[in-house]
Each structure stands twice: as C-alpha cells, then as structure tokens.
Amino acid sequence: MEFRMQRLRKFFSPRIRAAGLVLWLGLVVVATLEAGARLDDWFAYGASPLGNYQFEGLFRQTGRGLRGIPNARYVRWQLNGTGIRGPEVRADAGQVRILTYGASETFGIYEQTGKEYPRALESDLNRRTSAGTFEVLNAGIPGMRVGSGIELLTDFGAQFRPAVVVIYPTPTHYIGVSRPYCGRPPRTPTGGAGGFEWRITEKIKDRLKEVLSEDAWMYARKAAIAWSLRSSKPMAAVDASSLDAFEFDLHCALRTVHEIGATPVLATHANRFGDARHPGDEAWLVGWRMQYPELLEDGFIDLENRANAVIRRVAAQEGVALADAATVLGGDTRYFADHAHFSDEGAARMGALLADVVLRVRATSLASTPTR
C-alpha cells in the first residue's frame with residue numbers, strides 16, 4: 001500500500017506543480033492586463049484606477065428617478081453642472097428654452113461630441129433666427145422609457161421653464177412590458193456600488209470588433225442569443241398590451257408637458273431599416289436583437305411600424321405637432337451608426353427636421369397670444 005502511494009505521489013506531484021505554475025502565471029497575466037487597462041483609463045480619461053468605471057456611472061437612482069450626476073464623465077461622454085449632457089445651462093436672459101426628452105438616441109451615443117441632435121437643433125434654430133435666441137437642453141437618459149421619466153419632466157419644467165418639449169420615444173423599451181410606467185413609483189435608490197468590475201473585458205471586446213469580420217460578429221451574437229434563450233422561446237411579435245402601455249405613457253408625457261406650461265412636439269422613431277427588411281440587414285438586426293433576445297429579428301421592424309402608428313395617432317388625438325422622423329430619416333443608412341442611433345449626418349438631419357417643427361409651433365403660439 002505504501003509503495004503504491006509513493007508511486008502515485010511521484011506521478012502526480014510534478015503535474016500538480018506544473019498545473020499550479022500555469023495557474024499562477026495565468027493569474028499574473030490577467031492581473032497585469034487588468035492593471036494596464038486601469039492605468040490606460042487613468043491616463044486617457046482621468047479615471048481612478050480604484051473602483052468601478054463604466055457608462056452607467058454617469059447616472060444614479062434618486063427618490064425622483066434616474067438622474068445624471070453633475071460633472072460626471074465616462075470616456076468621451078461628460079455631463080454639465082446640472083447633470084445633463086451639453087454646455088452649461090445659461091443664466092435666464094430671455095432665451096427660448098427647448099427641452100429634448102428621450103433615451104440614448106437623444107443623449108447621443110455615436111456622434112462626435114457636440115454633434116448630437118439637441119446641439120444640431122440649437123444651432124439650426126439660432127442660425128434661422130439670431131444667435132442666442134434659443135437654448136436647447138438635452139434631457140436624454142439612456143434606457144429611459146417615455147413613461148418612467150415623468151418626474152424628470154416635472155422637475156426640469158420647474159427648474160428650466162422650457163417653452164417647448166420635444167418627445168422622442170424609444171418603442172423597443174416596451175418589449176415585454178404589460179402595463180404603463182406613468183403612475184408607478186420611481187425605483188428605490190440602492191446604497192453602495194456594485195462588486196468588482198473587470199475593465200479589461202471591454203477593451204478586449206473593442207479590439208475584437210476591430211479584427212473580426214462582420215459575419216464573425218453576427219454568428220458570435222447569434223450564439224450568445226441562442227445561449228440566453230436556451231430555456232425559453234422567443235416572440236415573433238410584441239404583444240398588443242405592450243403597445244397599449246406605450247400609448248398610455250405617451251398621453252401621460254404630453255399631459256405633463258402641458259402641466260409645466262410648455263408646448264409639446266412629438267416625434268416618430270426612425271431606424272436604418274425603414275418599414276421593411278432589405279438584403280444586407282441581417283447583421284444589423286441581430287445586433288439590435290442582442291439587447292432584446294426575446295424578440296425575433298423581424299419583430300423589431302414590426303414593432304417600429306406599429307409604435308409609429310401609435311405615435312401618429314396620439315399626436316392627432318392630442319392636437320400636438322408631429323415631427324415624422326421615421327418618414328424623413330428612416331431607411332437611409334447614412335443617418336444611422338447602428339440600428340437606430342444617429343450618425344453625425346443623421347443627428348444634423350434630425351436637428352433640421354425638429355427646427356422646422358419648433359419654429360412653426362412657436363409662430364403659431366405667438367400668433368395666438370392675445371396682445372394688450
């Protein structure tokens with residue numbers, strides 16, 4: 001028995017030591033890469049090497065809902081002193097303030113800094129009138145549903161007193177939603193930051209995007225989607241109850257805009273596909289589906305068409321101005337950096353479209369104001 005144990009120790013000991021050495025070297029390599037990623041963030045963006053550093057760190061939950069953190073910065077995205085994206089809010093000097101209310105398309109993801117559509121809108125308005133006449137405030141928060149930011153509309157209405165509020169809703173935020181968000185209490189703030197975050201993973205992902213082909217990325221995404229749905233079946237189309245919740249929240253947002261004393265402008269949602277699928281769209285649709293694996297690719301275009309019909313109907317019912325971005329921009333790939341986020345050119349076109357509508361609304365409003 002002792003002889004057998006000695007033989008086993010002689011057999012396994014070198015292999016255990018080798019495995020331990022490989023494991024140790026692997027940990028050293030990973031730790032070195034992670035340290036390098038954190039130092040890179042420090043030198044490039046001023047991010048502390050300690051703690052977490054991520055896009056979500058621009059915002060925090062409050063008792064009134066999600067809000068931007070004043071002067072927060074992540075990579076090239078930076079908020080001003082009031083916690084919104086864009087230049088500092090000017091002191092009230094009689095300028096006409098426009099508030100743009102929406103999600104990541106409004107906040108701006110792929111555009112160069114200063115090229116987001118709220119900035120393009122402000123530039124167009126002041127070019128067509130006179131410098132400084134209009135000030136556009138970007139109240140976009142990525143992921144915000146049109147019905148979950150009602151408290152934000154109320155608070156910003158009291159703080160900034162906008163004359164016009166542009167509402168640019170995101171239909172996909174209502175996938176799987178069965179009841180409206182308007183009237184629900186805001187999420188309760190959670191205390192403390194999350195656990196440890198590997199920064200090296202995002203940098204590896206960025207490098208892979210540079211070297212992998214579009215087809216390789218598409219198949220990798222398909223595999224990830226299949227894995228996430230291994231125990232469930234995807235939907236071919238969004239349920240009607242989700243569109244009902246979306247419609248209810250649109251009415252709620254418009255009512256809130258009127259309550260704060262502003263004039264609403266409602267916009268349909270534009271995407272790179274238009275109202276039908278075309279050859280070459282698969283990779284872009286799969287990329288969109290990565291955010292909502294539960295919906296099949298063709299279901300996104302169907303949802304956009306149905307939701308835009310709802311937006312047009314609500315605008316007609318409420319008698320508010322409509323900026324039909326889906327008709328003007330939809331289907332033109334020059335205007336989009338992915339499935340629905342604007343390129344610089346798309347943001348400029350969106351700004352010009354909204355400027356047309358805002359100036360028309362202002363002219364109508366001034367014409368109907370009684371003189372003394």
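The values are calculated or read from the model by the stated rules, or taken from the named source; none is laboratory data. None of the values given here were measured: they were computed from a predicted structure. Note: ideal-geometry Cβ built from the backbone for every residue, glycine included; neighbour counts use all protein chains shown. Calculation scope for accessible area: heavy atoms of the full protein, side chains included, ligands and nucleic acids excluded. Shrake-Rupley method; radii C 1.70, N 1.55, O 1.52, S 1.80 Å.
A few comments on the model shown:
- Residue 166 vs. criteria touching a helix residue (DSSP H, G or I) at 6+ places or on another chain (Cβ under 8 Å) and at pLDDT 70 or above: yes
- When residue 144 is tested against (1) touching an Asp or Glu at 6+ places or on another chain (Cβ under 9 Å); (2) part of a loop (DSSP other than H, G, I, E, B); (3) within 29 Å of residue 247 (Cα to Cα), only condition (1) is not met.
- When the residues of region 100-122 are filtered to those that are in a loop (DSSP other than H, G, I, E, B) and in contact (Cβ under 8 Å) with a residue 40 or more places away in the chain, the one that is surrounded by the most Cβ atoms within 10 Å (Cβ to Cβ) is 116.
- All positions within region 172-229 that are polar (S, T, N, Q), open to solvent by 40 Å² or more (accessible area, probe 1.4 Å) and either at pLDDT 75 or above or part of a loop (DSSP other than H, G, I, E, B) (or both): 178, 188, 190, 213, 228
- Residues considered: 238, 257. Of these, the only one that is among the β-branched types (Val, Ile, Thr), in contact (Cβ under 8 Å) with a residue 12 or more places away in the chain and assigned to a helix (DSSP H, G or I) is 257.
- Helices (runs of 4 or more DSSP H) fully within region 269-347 that include at least 1 residues being among the charged types (D, E, K, R) and either at pLDDT 95 or above or open to solvent by 40 Å² or more (accessible area, probe 1.4 Å) (or both): 282-289, 297-318.
- Leading residue by the ranking (modelled with the lowest pLDDT) among those in region 54-64 that are closer than 20 Å to residue 108 by Cβ and either assigned to a loop (DSSP other than H, G, I, E, B) or of a type in the set (D, E, K, R) (or both): 54
- Conditions (1) open to solvent by 20 Å² or more (accessible area, probe 1.4 Å); (2) under 19 Å from residue 342 (Cβ atoms); (3) part of a helix (DSSP H, G or I): number failed by residue 125: (1)
- For region 149-162, a tally of residues being open to solvent by 50 Å² or more (accessible area, probe 1.4 Å) and under 19 Å from the mean Cα position of the chain (by Cα) returns 0.
- When 274, 351, 280 are checked against the criterion of being more than 30 Å from residue 184 (Cβ to Cβ) and in contact with a Gly (Cβ under 9 Å, 6 or more places away or on another chain), a single residue qualifies: 274.
- Which listed residue is surrounded by 15 or more Cβ atoms within 10 Å (Cβ to Cβ) and among the small types (Gly, Ala, Ser), from 51, 57: 57
- Among (1) modelled with pLDDT of 65 or more; (2) open to solvent by 60 Å² or more (accessible area, probe 1.4 Å); (3) of a type in the set (Lys, Arg) - the single one residue 67 does not satisfy: (2)
- Among the residues making up region 128-176, those that are among the hydroxyl-bearing types (Ser, Thr, Tyr) and farther than 19 Å from residue 326 by Cβ are 129, 130, 133, 148, 154.
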